[in-house]
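Notes follow the structure.
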C-alpha cells in the first residue's frame, strides 16, 4: 500500500497535466527505510517525449547526492503515460531499478492538460514482476514516530 | 591504487549489501574487471556483454568524480588513486 498526502498527490497530478502531451517524471524522497514519501522532486524529462522518459544524467547524480546527504531514498518514482493506461509498460518494467520504491503511474490520456480526474495507480516492480497496490491519500502524513 | 565505487541499491545483492566498495584499475574497463573478480556477476549488470567485450549498458550511468563517463571516454576513461566512481541505474521508461 502507498500512503500519500493530498498535497503531494495533487502536485504529481498537476505536473503530469502541465507536461502533457510529454511524459512527466519525478520522485518523492523520504527518510531511508521509513516508507514515508515526504519531499517531492519534479524532474525534467530529458527525453522530452510523449512516449519515453529519462532523468538527465547530471540531474540524476545531483538528486542521489542530495538524497544521500539527507539520508533519504526514493520512496516514490512517478511518471505519466499520456496516451495509454496507467500501467507499467514492458520498458518501464525492464528499466525499473529501485526495488524498494513505489512506482506511480498517472495517465493523462482522458483529459490532457485540462481539469478533471486522472488515473493514478501504484505498483511494486521487482525482478520484472509487477504487483499493483492500493493508493491511500490522506490529508497529511501522520507524525513520524522516529 | 584504491578507487571508491558507490553501488546502487539494486546491485548491492552482489556486494553483500555494501553501499560502497574499494576496487582497483587504471581505466573504467579494468576497474569493472576487478569488481567482477571480487563480486562475480556484477560486470554483467554493467556491460552489454559480460565477457568484457561489450560497452556500458545504455541504462546504467557511471560517473567518475561527478562526470558522466560517456563524455570522458566511456570504458577507456582513466582513473587514478583516490577517484570516486558512482554507479546509478537510469530512471527511465516509456509507454
(request) Would you calculate, for chain A, the mean residue ellipticity at 222 nm contributed by helices, counting each DSSP H stretch of 4 or more residues as -39,500 (n - 2.57) and dividing by all residues, to the nearest 500? (result) -7000 deg cm²/dmol
(request) Shielding by partners for A:83-94, please: the mean number of other protein chain Cβ atoms within 10 Å of each residue's Cβ. (result) 2
(message) What does the structure give for A:103-110 when I average, per residue, the other chain Cβ atoms found within 10 Å of the residue Cβ?
(response) 1
(message) For peptide A:95-102, what's the mean number of Cβ atoms from other chains within 10 Å of each residue's Cβ?
(response) 5
(request) Using DSSP, restrict attention to beta bridges with both residues in the range A:13-120 and report what percent are antiparallel, rounded to the nearest 5. (result) 70
(request) Starting from the Cα of residue A:3, move 7 Å in the Cα-to-Cβ direction to define the label point; list residues of the range A:22-50 whose amide nitrogen is under 18 Å from there. (result) A:28-40
(message) Compute the distance from the alpha-carbon center of the range A:8-63 to that of the range B:32-91, in whole Å.
(response) 25
(request) Among A:122, A:49, B:37, rank each residue by its count of other Cβ atoms within 10 Å, from fewest to most, as a rough exposure measure. (result) B:37, A:49, A:122
(message) I'd like the antiparallel share, as a percent to the nearest 5, of DSSP beta bridges with both residues in the protein assembly as shown.
(response) 75
(message) I need A:119, A:54 ordered by Cβ neighbour count within 10 Å, fewest first.
(response) A:119, A:54
(request) Order the peptides B:39-46, A:98-105, A:62-69 from the highest to the lowest mean number of other Cβ atoms within 10 Å of their residues. (result) A:98-105, B:39-46, A:62-69
(request) Over the range A:63-121, calculate the relative contact order: mean separation of alpha carbon pairs under 8 Å at least 6 apart, over the residue count, as a percent. (result) 37
(request) Determine, for A:17, B:19, the number of other Cβ atoms within 10 Å of each Cβ, and report the residues in order from fewest to most. (result) B:19, A:17
(message) Can you show me the helix-derived [θ] at 222 nm for chain B, built from DSSP H runs with n ≥ 4 at -39,500 (n - 2.57) apiece and divided by the number of residues, rounded to the nearest 500.
(response) -4500 deg cm²/dmol
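Here, each number is a calculation from the coordinates, and none is a lab measurement. Predicted model only: the values in this text are computed from it and were never measured. Neighbour counts are summed over all protein chains in view; Cβ atoms, including those assigned to glycine, are modelled from backbone coordinates with ideal geometry.
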